[in-house]
Amino acid sequence: MEQLTSKIMGTGSALPERVLKNIEIEKLVDTSDAWIQERTGIVERRIAKEKESTAELAAIAGKKALEDAKIPAENLDFILLATFTPSSFMPNDACLVQTALGASKAVCFDINAACSGFLFALQMAHAYICSGMARYILVIGAENISKVIDWNDRGTCILFGDGAGAVVLGVSDSCSHGILDFESGSDGSHGKVLSLDGYSESSHTKFLRMDGQEVFKFAVRKVPEMILALTKRNHLLLEEIDYYLLHQANKRILSSVAKRLSLSLDKFPMNLNYYGNTSAASIPILLDECHRSGIFLEGQKLILSGFGGGLTWGSCLLSW
Ligand code: UT7
């Protein structure tokens, strides 16, 4: 019997309307548009309105992904929502999305692995489908990071933005077409370099804190490691991968990864200049934009790579 695999059947994304440009941040902290662009590549980011919730953005992205996949919401078996900034802890945001979409038979829960969250959720959804436990799963990455930003901290407030991206995962008709492999891991011993402990009983800070340099070093080491492991295990050359969709954290991280792998930066699509770092949402937003722009051709190989708080990291190899 041929082994089952999963495939991405549709994509969607949602971004708040409000654009926050670097020059506006110059008024908040000691920084400059030139510094932000040079050190990160970011020009502007989207900021959710006070009452615009993570679940609302997630539901819009999810609805678009279902329309793209031509799958009715009632057919969904699961909704997995990756976020570290949920609208509420209970009910979870996936349940809020379920209600908004009318996905009455779906099992719904949130996953928190910060910027790797979407990749971990995708891996879980893939496992459900391969085991035969599900046929259709909506996987969403959605964040409202502006609500946990210390707008006096120039080390973080320049970087992040809000948004949501989603994919519908379904059963593939061929095991060589669709999701092929994952490489992922975690290292809790370095968790302090990127943290948000406002919800714990022992602390009253509710802001995201980051040791930017440590995260930077971790990313440029770990992402090439994952990519090399995936390509080697699947007997592929780095050049045979058509696109590398990396978590949109910093243009210099993407450039360093491309350089370490001796690859052209053209293979690394980027939208961080417009949206900044949207954590769990960044890869599915980028995937949706690339898909809708028509750059992916059937059978092309992609690698998606996320990395971030936890520390966590995850990559996926797929054939489009
Ligand atoms: O989603 C995953 C999580 N996050 C990331 O992947 C972020 C990874 N890290 C980064 O993107 C970068 O480390 C940052 C963008 C956060 C910082 O860039 P950097 O090149 O690592 O800057 P730095 O911390 O080494 O600081 C260099 C200089 C320092 O000044 P001195 O000591 O050289 O005089 C900083 O005080 O730049 C200064 N600086 C700034 N200047 C203007 C730091 N932040 C700013 C700022 N504006 N916003």
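The values are calculated or read from the model by the stated rules, or taken from the named source; none is laboratory data. Please read these numbers as outputs of a predicted model, since none were measured by experiment. Every residue, glycine among them, receives a Cβ derived from its backbone with ideal geometry; neighbour counts consider all protein chains shown. Heavy atoms of the whole protein, side chains included, go into the accessibility calculation; ligands, DNA and RNA do not. Shrake-Rupley method; radii C 1.70, N 1.55, O 1.52, S 1.80 Å.
Numbers below:
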| item | result |
| --- | --- |
| Loop-located chymotrypsin sites (Phe, Trp or Tyr not before Pro) in the range 54-112, at most 13 other Cβ atoms within 10 Å (DSSP) | Phe89 |
| Surface share of carbon and sulfur [accessible, 1.4 angstrom probe, percent] for the chain | 52 percent |
| Rounded accessible area per residue of the chain, 1.4 Å, Å² | 43 Å² |
| 3J(HN,Hα) from dihedral phi, the range 146-158, Karplus parametrisation 6.51/-1.76/1.60, rounded to Hz, x for glycine, proline | 4, 6, 10, 8, 8, 6, 9, 9, 6, x, 10, 5, 7 |
| Longest DSSP-loop-exposure-free segment, trypsin sites (Lys or Arg not before Pro), the chain, at most 10 other Cβ within 10 Å | 71-320 |
| 3J(HN,Hα) from dihedral phi, the range 244-261, Karplus parametrisation 6.51/-1.76/1.60, rounded to Hz, x for glycine, proline | 10, 9, 9, 3, 8, 9, 6, 4, 5, 5, 4, 5, 5, 5, 4, 5, 4, 9 |
| Helical contribution to [θ] at 222 nm, DSSP H n ≥ 4, -39,500 (n - 2.57), averaged over the chain, rounded to 500 | -9500 deg cm²/dmol |
| Pairwise FRET efficiency - Lys232 versus Arg154, Cβ, R0 = 45 Å, nearest 0.05 | 0.65 |
| Cα pair distances exceeding 17 angstrom across the range 57-99, given as percent | 29 percent |
| Three-way shape call for the range 236-292 based on the alpha-carbon gyration tensor, with the a/c threshold at 1.5 | oblate |
| Volume in Å³ per residue [convex hull over Cα atoms, computed for the range 87-201] | 150 Å³ |
| Principal axis dimensions, largest first and in whole angstrom, of the chain by Cα | 61, 46, 38 |
| Selection from Gly170, Leu76, Val148 lying farthest towards where the dipole of the range 67-183 points positive, charges on Cβ | Leu76 |
| Estimated Rh, the range 123-168: Kirkwood, alpha-carbon pairs, angstrom | 13.0 Å |
| For Ala82, net neighbour charge (Lys/Arg +1, Asp/Glu -1) across residues whose Cβ lies under 11 Å away | -3 |
| Listed residues Glu225, Glu56, Glu143, most fluctuating in the chain (Gaussian network, C-alpha, under 10 Å) | Glu225 |
| Spin-label model distance (nm) - Asp242 vs Ser262, 7 Å beyond Cα toward Cβ | 2.5 nm |
| Using distinct alpha-carbon pairs, which all enter the 1/r mean, Kirkwood radius of the range 180-320 in Å | 15.8 Å |
| Cut-off under 5 Å, modelled amide H: who pairs with Ala82 long-range | Ile111, Ile140, Gly141, Ala142 |
| Stokes-Einstein diffusion coefficient of the range 148-192, Kirkwood radius over Cα pairs, 10 °C, 1.306 mPa s, in µm²/s | 102 µm²/s |
